[in-house]
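First the structure, in the form of structure tokens, and then the observations on it.
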Amino acid sequence: AELDTLNYKDVTLGDKSLFRLFIGKRLYKKERSDDTTKIPAYSANVFEPFGYFERSNVTNFDYPSILWGIDGNFEFNLIPAGRVFATTDHCGTIQILDDSIVPEYLLHALYVRRAEESFDRAFRASMTNMKKFVVKIPVREDGSFDVEAQKLMAARFTGSREKKEKLQSVKQRLDDLLTRYLSFR
């Protein structure tokens, strides 16, 4: 698929035939554990578990999920199908019900849309707002989702994100070296 000549379909996250959206429930610190064999629970930070718990508010792990922080920097994190997790009331989940939507592509599309709309802390990523959220998904001539094009675009996105993370890590090390060097002078 030539990426510059693709057709796209606008898809709303509120489309129940494609996605299931839900928000976690309050978890109490007294039930929280550091035991990593228990279920990781995500909160406002969608990358690092807030703690580990005995049970999950999520009932079905058959679908890939994308977590979003409700208050915060509007970040997204992909949790593969089959991985057990829990969420607090500061974390939303988008389960991808249609297997012709590539999870890594949807993650990319969400970040693209976030950048276009320049969402920030003023945008509250509530359930109501997320259901109206529209992403563009490549389609074939017949109107079905173009899985190959999604995979190609997802691979490019993942590659550039990994390069960016590596650059940030190298920059941090250089900054640390410079700070140490200047402190010896």
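Values as computed for the structure displayed
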read-out	value
Hits in region 20-48 (condition: under 16 Å from the mean Cα position of the chain (by Cα), open to solvent by 40 Å² or more (accessible area, probe 1.4 Å) and more than 27 Å from F145 (Cβ to Cβ))	A44, N45, F47, E48
Verdict on T12 being in contact (Cβ under 8 Å) with a residue 40 or more places away in the chain, open to solvent by 20 Å² or more (accessible area, probe 1.4 Å) and among the polar types (S, T, N, Q)	yes
Only listed residue being modelled with pLDDT of 95 or more, under 24 Å from K132 (Cα atoms) and open to solvent by less than 30 Å² (accessible area, probe 1.4 Å), chosen from S65, S17	S65
All helices (runs of 4 or more DSSP H) inside region 102-185 with 1 or more residues being modelled with pLDDT under 80, over 18 Å from S65 (Cα atoms) and not aliphatic (A, V, I, L, M)	103-117, 147-183
Count of region 49-62 residues which are modelled with pLDDT of 95 or more and open to solvent by 60 Å² or more (accessible area, probe 1.4 Å)	1
Breaking point among (1) in contact (Cβ under 8 Å) with a residue 12 or more places away in the chain; (2) within 15 Å of Y111 (Cα to Cα), for A149	(2)
Strands (runs of 3 or more DSSP E) completely within region 7-74 that count 2 or more residues being under 26 Å from Y105 (Cβ atoms)	7-12, 19-23, 39-42, 65-69
Residue within region 72-81 that is more than 23 Å from E148 (Cα to Cα), open to solvent by less than 60 Å² (accessible area, probe 1.4 Å), of a type in the set (F, W, Y) and more than 14 Å from the chain's Cα centre (by Cα) present	no
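The values are calculated or read from the model by the stated rules, or taken from the named source; none is laboratory data. Given the structure is predicted, the values throughout are model-derived calculations rather than measurements. So basically every Cβ, Gly included, is an ideal-geometry build from the backbone, and we count neighbours across all protein chains shown. Areas reflect the complete protein model, heavy atoms only, side chains present, ligands, DNA and RNA absent. Shrake-Rupley method; radii C 1.70, N 1.55, O 1.52, S 1.80 Å.
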